[in-house]
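The values are calculated or read from the model by the stated rules, or taken from the named source; none is laboratory data. From a predicted model like this one, the values you see are computed outputs, not experimental measurements. Cβ sites come from the backbone with ideal geometry, for glycine too, and all protein chains shown count toward neighbours. Protein only, heavy atoms only, side chains kept; ligands, DNA and RNA dropped before computing areas. Shrake-Rupley method; radii C 1.70, N 1.55, O 1.52, S 1.80 Å.
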Amino acid sequence: MTAPIETTGAQTDAQPEAVLEGVEAKKIEGRSLGQIAWTRFKRDKVAVAGGIIVVLLILIAALSRPLQSMLGLDPNAFNQDLIDPNTSLPKGDFGGMSWDHPLGVEPKFGRDILARILEGSWVSLVVAFGATILSNAIGVVLGLVAGYYGGRVDTIVSRLMDTFLAFPLLLFAIAISATLQGGAFGLEGLPLHITVLIFVIGFFNWPYMGRIVRGQTLALREREFIDASRGMGAGGPYVLFKELLPNLVAPIIVYSTLLIPTNIIFEASLSFLGVGIQPPQASWGGMLNQAVDFFEVDPQYMIVPGLAIFITVLAFNLLGDGLRDALDPRSR
């Protein structure tokens, strides 16, 4: 028989050195859903680039007036000395580009294009963000109510959505904007035009957000945490805004980032048709409208505002796609 091996207390309590080093070197920590989403978002370089451009555009729009003062630009200053009196076209190549006017000047009046692009940026973003907030406020509330209560309430709200979606939105927006051009609600001029555009675009676009929120609410209302909340005596408003709404933040954010560029294009379209932002206030759609008569002889004047709209819309779409992939746990 083999004699039993005696072990000391120190040997019994000893742990493998590799195990001890591994425990001390790296501690396992849990991550929140926000941290996981941020990690996934950072891996998407295209979405990150879109997000950077969006931040820069927002900063440019917010600081457009200080930037114009710093650069010595005036969006409404005429520079007739830069215009050929025989052709009404800018003197020089590429639409009159120079160190003083990096993007050239517009035909006929000679106003600086860079200054008008900067001035039009805050108008487009204010209208787009304002209309998106209005659409979200109406769509989220009605979508939550329809999806949670169901039955007759869901039928009424769903038919209301169908009715709004059946409107010829562009024609309706043109009619309302044209009717309210003179003055309304104690407003006139630029504040009136911006308010009318936000109302028209936002009020008639809410069914898209409403349908998304309604569909998500129908799936969430059968979950265990909703049953538990109702079992503990929680009322409808508490369940809607304390239990359901926090779980809908991700799709609301994603759809909002995709709705903003649509609203930018809508505002530019109305201004292009002459029922949006009115001159002399600069707007990207208005610049395109004025460039129609000169695009064959001075394409610079149409290319610059067209590129501004294209880059802005593309950046928001890339950001929205990246957020959708980052916030969706089923995507890879």
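Structure summary
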quantity	calculated
Simple label model, 7 Å out from Cα along Cβ direction - Arg223 to Phe203, nm	3.5
Sequence ranges 281-289, 47-55, ranked by mean other-Cβ count within 10 angstrom, highest first	281-289, 47-55
For segment 73-147: accessible area per residue (Å², 1.4 Å)	43
Charge dipole (debye, nearest 20) of the chain; +1 at Cβ of Lys and Arg, -1 at Cβ of Asp and Glu	960
Portion, in percent, of the accessible area of segment 185-247 that falls on carbon or sulfur, probe 1.4 Å	59
Label-to-label distance, nm, for residues given as Ala137 and Val48 (7 Å Cα→Cβ offset)	3.7
Of Val196, Gly143, Ala175, farthest towards positive along the dipole that unit charges on Lys, Arg, Asp, Glu beta carbons give segment 138-230	Gly143
Radius 12 Å from Cβ of Ser158, net charge of other residues (Lys, Arg +1; Asp, Glu -1)	+2
Cα-Cα separations in the chain greater than 30 Å, expressed as whole percent	53
Rounded Å value of the spacing that divides the Cα centres of segment 189-227 and segment 40-84	29
Charge-dipole axis of the chain as Lys and Arg at +1 and Asp and Glu at -1 on Cβ define it, positive-most pick from Val304, Thr87, Leu73	Val304
Cβ-defined net charge surrounding Thr217, 12 Å radius [Lys, Arg +1; Asp, Glu -1]	+1
